[in-house]
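The values are calculated or read from the model by the stated rules, or taken from the named source; none is laboratory data. Since the structure is predicted, the reported quantities are computational estimates derived from the model, not experimental observations. Heads up, the Cβs are rebuilt from the backbone with ideal geometry, glycines too, and the neighbour counts pull from every protein chain shown.
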Amino acid sequence: MAVIAVIFDFDDTLMPDSTSALLNAHGVDARDVWTRQVPELIKRGYDPPLAYLKLLLDNAGADRPLGDLTKAALRRFGSTLDDKFFPGIPEIFDDLRAVPTAGEVRDVSVEFYVISGGLREIILGSTVVQSYFNGVYGSELGEDPHTRVVRDVMRCITFTEKTRYLFEINKGIDSKDSRTQPHLVNEDVVQEERRVPFDRMVYVGDGLTDIPCFSLLQSMGGTAFGVFDPTHESSAKRAFQEFLRPKRVLGVHAPRYRDTDELGAFLRQAVATVTSRIDLERKMAKQLGR
Ligand SMILES: [Mg+2]
């Protein structure tokens, strides 16, 4: 079975920023967090994702805005966001899965992954994610074992860190195994035996943290789409990221995923192109008696 992996960033790629939604829902001004508090911590030397995770923890606990925040509560919050996905989701997932069959190419499956600097629990709370996604990689807070209230950082996914998870998908490492065996990704696997070659990956992301993934995939023959939503241009996190964004041009599209939308059509085409390439490679191998 050949596998095509379609990998998405989450916040501002599949839906508007979920951390801002969490903060605003608890009366914390997300704009102030992204445009003043996070930059202040960065000036003091904090890595950006650790800065926002620290601010979340600072706001959690009795008598603080986020209250006794638990991982279960984050998951429940995620379940309330299912109607926030951008247009064309989840329909595009069924469409992409059906591409190989429509092209009469057998034994090709299309899988979906999220690699996000946002909170894994919120993402996993979504029924859309539960129904369609094969793996979710995100930042994680750790709980106090007695009170269950979040109090430390278990996992922090920053920009270069995102490529680590592309390698895990490439080598076919199960996301559940890699949680407790982080060095599995370093095991030497010859290219021909890797489960998902990079040229069978399609990546969609919007932010600064996605640039190393864009670069890696572009150099390895994969396909990468940049997302930019003009209607969310003024969102606080966007303003924060624009401030830091290096001057580089990416092909960017609005995050609209219907078959009549530019990005929705390109993604369907990208999966069809990879499917045809797999078909051609098989036919050539057969002809050469390999
Ligand atoms: Mg994003």
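Descriptive notes on the structure:
- Restricted to strands (runs of 3 or more DSSP E) entirely inside region 63-155, those with at least 2 residues that are under 30 Å from PRO197 (Cβ atoms) are 108-119, 135-143.
Residue-by-condition table, conditions (1) in contact with a Ser or Thr (Cβ under 9 Å, 6 or more places away or on another chain); (2) surrounded by fewer than 20 Cβ atoms within 10 Å (Cβ to Cβ):
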site: LYS54; (1), (2): no, yes
site: ASP58; (1), (2): no, yes
site: ASP63; (1), (2): no, yes
site: ASP82; (1), (2): yes, yes
site: ILE92; (1), (2): no, no
site: ASP95; (1), (2): no, yes
site: SER116; (1), (2): yes, no
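- Failed item, numbered, when ASP177 is tested on (1) touching a residue at least 60 places away in the same chain (Cβ under 8 Å); (2) out of contact with any Gly (no Cβ under 7 Å at 6 or more places or on another chain): (1)
- Restricted to region 102-151, and to residues there that are of a type in the set (A, V, I, L, M) and more than 20 Å from the chain's Cα centre (by Cα), the residue that is nearest to the ligand (Cβ to nearest atom) is VAL150.
- Filtered residues of region 1-25 (kept if surrounded by 24 or more Cβ atoms within 10 Å (Cβ to Cβ), of a type in the set (A, V, I, L, M, F, W, C) and in a loop (DSSP other than H, G, I, E, B)): PHE10, LEU14
- Scanning region 19-37 for residues that are within 14 Å of GLY118 (Cβ to Cβ) and either touching a Phe, Trp or Tyr at 6+ places or on another chain (Cβ under 6 Å) or hydrophobic (A, V, I, L, M, F, W, C) (or both) turns up ALA21, LEU22, LEU23, ALA30, VAL33, TRP34.
- Within region 7-35, considering residues that are of a type in the set (S, T, N, Q) and in contact with a helix residue (DSSP H, G or I) (Cβ under 6 Å, 6 or more places away or on another chain), the one nearest to the ligand (Cβ to nearest atom): SER18
- Failed condition for PHE77, given (1) out of contact with any strand residue (DSSP E or B) (no Cβ under 7 Å at 6 or more places or on another chain); (2) touching a residue at least 60 places away in the same chain (Cβ under 8 Å); (3) aromatic (Phe, Trp, Tyr): (2)
- Condition check for GLU40 on (1) assigned to a helix (DSSP H, G or I); (2) at pLDDT below 95: one failure, at (2).
- When region 183-215 is limited to residues that are at pLDDT 90 or above, within 20 Å of GLY117 (Cα to Cα) and of a type in the set (A, V, I, L, M), the one that is nearest to the ligand (Cβ to nearest atom) turns out to be VAL204.
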